[in-house]
Amino acid sequence: MNEIPYFIRLNEKSLTKFDKDGHEIEYINNFYQIKNMYSKDSFLNLFLKEISIISYDYTNQLKNDNYKVHVMVNLNDKYIYPLIVSINSALFNSNKNRTTLVYHILCSKNLKKKNINKLKSLLNVYPTNLEIIFYNMGNAFIKFKNQKYSQVAYYRLISPIFIPLKRIIYLDSDVLIFKDLCELYNISFKNNYVLGFLDIISGGIDYLGLSSEKYINDGVILLNLEKIRKDKKHYELLYMAKNHLKLKHQDQTVINFILYPKIGLLPYKYGIFNFPSVFDIK
């Protein structure tokens with residue numbers, strides 16, 4: 001197994017090593033076991049070999065009996081402050097006695113250390129309800145960059161492999177949250193790969209030969225990581241993204257095309273996207 005780097009738990013007075021039997025160490029071990037498992041797969045290893053965990057942070061005041069809601073975001077230095085606002089909104093509106101938010105932050109390789117520390121400062125503001133895992137995504141997606149889209153947008157496409165969970169909420173860095181995320185996190189997938197909000201403006205995928213009646217915006221989605229892994233859809237997501245770099249709404253189109261037709265719509269009570277009028281909502 002790869003050597004596990006030094007991970008920290010933020011303490012009020014000092015930085016301390018993890019307990020040997022902590023769930024954090026178990027998660028980190030699972031992460032590196034997955035990397036090793038796919039090391040002989042030349043296609044997937046092309047991406048996985050670049051990915052590492054920078055740190056897994058939490059406070060010694062964490063409420064361990066709380067229900068954990070896992071949230072994933074892509075991040076570069078341009079979106080530090082929007083993400084700080086977004087995480088604040090989620091924590092401020094969460095049930096402090098029920099929910100702990102575990103943020104999986106997929107970072108660009110050159111993300112400034114001072115910006116990582118700004119995000120870690122939230123642990124002092126919400127010491128009982130927040131864990132943060134930082135991943136260095138390396139340069140594996142650098143060739144995916146074009147004039148309109150950053151390679152950062154593609155990070156989530158490989159997440160079903162290296163994030164060893166059954167489900168996760170993906171949020172864009174500039175999304176505001178006004179309710180506890182626990183209910184949204186536990187919605188039934190009903191055999192779908194992904195749930196999201198209907199997007200009627202972005203153009204859909206009719207031009208690719210598929211109906212756009214379930215075309216979703218990928219800024220807020222609930223991903224069925226377990227089913228995507230089981231059906232090996234991560235291969236298709238990465239392959240299409242790698243070989244088709246001039247698609248309309250690039251990574252969003254890849255998600256909608258590859259996971260079609262097993263795409264479900266989130267209930268409107270959780271939000272709507274891109275409806276120009278109340279008549280379209282009806």
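The values are calculated or read from the model by the stated rules, or taken from the named source; none is laboratory data. Remember, predicted model here, so these are calculated numbers, not experimental data. Neighbour counts run over all protein chains shown; Cβ positions are idealised from the backbone, glycine included.
Given the conditions (1) among the aromatic types (Phe, Trp, Tyr); (2) outside any helix (DSSP H, G or I); (3) modelled with pLDDT of 85 or more, report the number of the one that Phe257 does not fulfil.
Going through the list (1) among the aromatic types (Phe, Trp, Tyr); (2) outside any helix (DSSP H, G or I); (3) modelled with pLDDT of 85 or more, Phe257 breaks only (2).
Report, by residue number, each residue of the stretch 193-244 that is in contact with a helix residue (DSSP H, G or I) (Cβ under 9 Å, 6 or more places away or on another chain), polar (S, T, N, Q) and surrounded by fewer than 20 Cβ atoms within 10 Å (Cβ to Cβ).
Residues satisfying the conditions are Ser202, Ser212.
If you go through the stretch 260-275 one residue at a time, how many are touching a strand residue (DSSP E or B) at 6+ places or on another chain (Cβ under 9 Å), part of a loop (DSSP other than H, G, I, E, B) and surrounded by 14 or more Cβ atoms within 10 Å (Cβ to Cβ)?
6
Could we say that Leu91 is under 17 Å from the mean Cα position of the chain (by Cα) and either assigned to a loop (DSSP other than H, G, I, E, B) or within 18 Å of Gly219 (Cβ to Cβ) (or both) here? I'd like the intermediate steps shown before the answer.
Values: under 17 Å from the mean Cα position of the chain (by Cα): yes; either assigned to a loop (DSSP other than H, G, I, E, B) or within 18 Å of Gly219 (Cβ to Cβ) (or both): no.
No.
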